Amino acid sequence: MTKVKLNTRKIKKRKLHLGKKPLSMLTCYDFQTAQLMDQTDLDLILVGDSVGNVVLGYDTTVEVTLQDMITFGRAVKKGAPQTFTVVDLPFGTYATVSSGLKNSIELFQKTKAEALKLEGASKTFLKLIGKLTDVGIPVMGHLGLTPQSVHQQGGYFTHGKTTPEEVKIMREAKALEEAGCFALVLECVTPKLAKRISEELTIPTIGIGSGVDTDGQVLVINDLLKMGPLRPPQFCQPVADFFELKRQGIEIFLNDVQKEEKDSDGSSRVSQ
Ligand code: KIV
């Protein structure tokens, strides 16, 4: 199968209300999984800074560094040349327009990704998005639950439950579109608000824990395949149990190693 690679022009047209197919995006952090994703119809790969939580064992994504994202982004892009790949700008690397510009150029060049993603819609970020698109770096926005601001937001919860919050998120979504984002992730936003934003924006929205009416869906692959010991978030119904599968694989190996072996002289021994 030859995969038709997406680009920002094609992605921007993928609006559900225009009768288009929903966009599919999964996170990926390694070369081999990227190779597999490249063989599927998956529309977009996200090298999310969730790599900090699920691969590096950090407590929050606040600990993720630019070098972390360069390392994982490069590996993924190498494995998935045919899949439009977005890499997260990590916490603190875009605190000012000038540092954001410098770090984005380095991340974009070194990973060879097709786009970068950043969280929030402050005045600084809106200005930065304008500069990045000017230099040719496509930007995906991210609103609602923005894990890099977990301490500022006061935990992980659903956003847009009150009218003032709805108004604020809608205003920010429009500002991100205006600033030049080609798509917008809505994380843990009420389904009602996610639907309204999706209808009012011309760029596609990609939801996670935000209902079914966004223009696309994204999940963390480790949640989808249940790769860890804990239950994935409520909104993610795992399709497999890789944690148990790996346990079984390790146990098969242990049994094989421990079973009776023949010594070269023909006598038997238990290797352990
Ligand atoms: O880092 C990440 O995995 C993300 C998704 C949850 C959208 O930003």
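The values are calculated or read from the model by the stated rules, or taken from the named source; none is laboratory data. Predicted model only: the values in this text are computed from it and were never measured. Because the Cβ atoms are built from the backbone with ideal geometry, glycine has one as well, and the counts that use them run over all protein chains shown. For accessibility, only protein heavy atoms count, side chains too; no ligands or nucleic acids. Shrake-Rupley method; radii C 1.70, N 1.55, O 1.52, S 1.80 Å.
Per residue, what accessible area does the chain have, given a 1.4 Å probe and all protein chains present, in Å²?
Numbers: 13990 Å² over 272 residues.
In whole numbers, the chain has 51 Å² accessible per residue.
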Please give me the summed charge of the neighbours of THR2: other residues whose Cβ is under 12 Å from its Cβ, Lys and Arg +1, Asp and Glu -1. 0
First compute the accessible area of the chain with a 1.4 Å probe, then give the percent of it belonging to carbon and sulfur atoms. 56 percent
At a threshold of 8 angstrom on Cα-Cα distance, excluding pairs fewer than six apart, so keeping six or more, what relative contact order does the chain reach in percent? 16 percent
Taking a crude spin-label model, label points 7 Å out from Cα along the C-beta direction, the GLN35 to GLU251 distance in nm is 2.9 nm
Packing rank of 140-148, 162-170, 195-203, where each peptide gets the mean count of other beta carbons within 10 Å, highest leading: 140-148, 195-203, 162-170
Mind ranking 179-189, 221-231 by how tightly packed they are, going by the mean number of other C-beta atoms within 10 angstrom, highest first? 179-189, 221-231
Cross-link pairs beyond the 30 Å C-alpha cut-off, checked among LYS127/LYS161; LYS102/LYS195; LYS110/LYS131: LYS102/LYS195
Which value, in debye to the nearest 20, describes the size of the charge dipole of the chain about its Cα centre when Lys and Arg Cβ atoms bear +1, Asp and Glu Cβ atoms bear -1, and nothing else is charged? 1160 debye
Farthest towards the positive end of the dipole of the chain, among VAL51, PRO22, LEU201 and with Cβ unit charges of +1 on Lys and Arg and -1 on Asp and Glu, lies the Cα of LEU201
Starting from the Cα-Cα distance between ALA95 and ARG171, subtract it from 0.36 nm times their residue separation and give me the gain in nm to one decimal. 25.3 nm
Added length on full extension, which subtracts the Cα-Cα distance from 0.36 nm per residue, PHE157 to SER122: 10.6 nm
Need one word for segment 8-240: rounded, prolate or oblate. Basis is the Cα gyration tensor (sqrt eigenvalues a ≥ b ≥ c); a/c below 1.5 gives rounded, then a/b vs b/c decides. rounded
Hey, can you rank 214-220, 123-129 by average C-beta count inside 10 Å, highest first? 214-220, 123-129
